[in-house]
Structures are given as C-alpha cells and as structure tokens.
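The values are calculated or read from the model by the stated rules, or taken from the named source; none is laboratory data. Keep in mind it's a predicted model, so treat the numbers as computed, not measured. Cβ placement follows ideal geometry from the backbone for every residue including glycine, while neighbour counts extend to all protein chains displayed.
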Amino acid sequence: MDVGLDHQRYSTANAEIQVHWLIVAGQLAEEGADEIIQVDLSQVERITSEELSELIRLQLLVRKNGRKLVLKNVEENLRSIFELTRLTRLIEMQ
C-alpha cells in the first residue's frame, strides 16, 4: 500500500503535510493488510524530532505485525538526517 500526500488539502502548512503522512501510515500499519507499506516523502522537506520518534514507533509496529515499511523518494536533506540518526539501518529507503 502506498501512502502519498494530498497537496490540495494539506498545502497550507508544511507541518500539516508531515503530520498527514504519519497519520495515514500509522493507520495502515494498524489496519492494513498489505505486507509492504510504502511512504512517499517526495514533498516532505523537513522532519522534527517528534516526527522521527513517531517514525521509529511506526517501524516497530509494522515489524511487530510482520510487515515492512519502505520510505520512497526521500529528499537529500532528509536522507542525511536519517543517516545521522542511523534510521537507514532500521527503515528501508528507495
């Protein structure tokens, strides 16, 4: 299952966009039946420490349920944050 961003609805503030993808991905992790949850981060330019923490919790939930979380289209500035925090070892990125 792919999680994308609804730019029409969530384009007023960057924080709203970031919260949106975390909420949708979290719901899919809890309720979805797909083995792989793919999250498109092409429109996410920054991430807060709180969102990083939520992303880790999401990965743990997905793994606990025998599924896989994949982050797609990760911008270079986010990728460097994920590498610095070593999340690249925990979550697959494409």
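Data for the structure
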quantity	calculated
Residue within the stretch 58-75 that is over 14 Å from L90 (Cβ atoms) and under 9 Å from the mean Cα position of the chain (by Cα) present	yes
Boolean, L71 is modelled with pLDDT of 80 or more, surrounded by 16 or more Cβ atoms within 10 Å (Cβ to Cβ) and of a type outside the set (D, E)	yes
Looking only at the stretch 1-55, and only at residues there that are closer than 15 Å to N73 by Cα and part of a helix (DSSP H, G or I), the one that is modelled with the lowest pLDDT	Q18
Test: residue in the stretch 44-51 that is over 18 Å from G26 (Cβ atoms), in contact (Cβ under 8 Å) with a residue 24 or more places away in the chain and not basic (K, R)	yes
Condition check for E92: touching a helix residue (DSSP H, G or I) at 6+ places or on another chain (Cβ under 7 Å), within 16 Å of A25 (Cα to Cα) and touching a residue at least 24 places away in the same chain (Cβ under 8 Å)	no
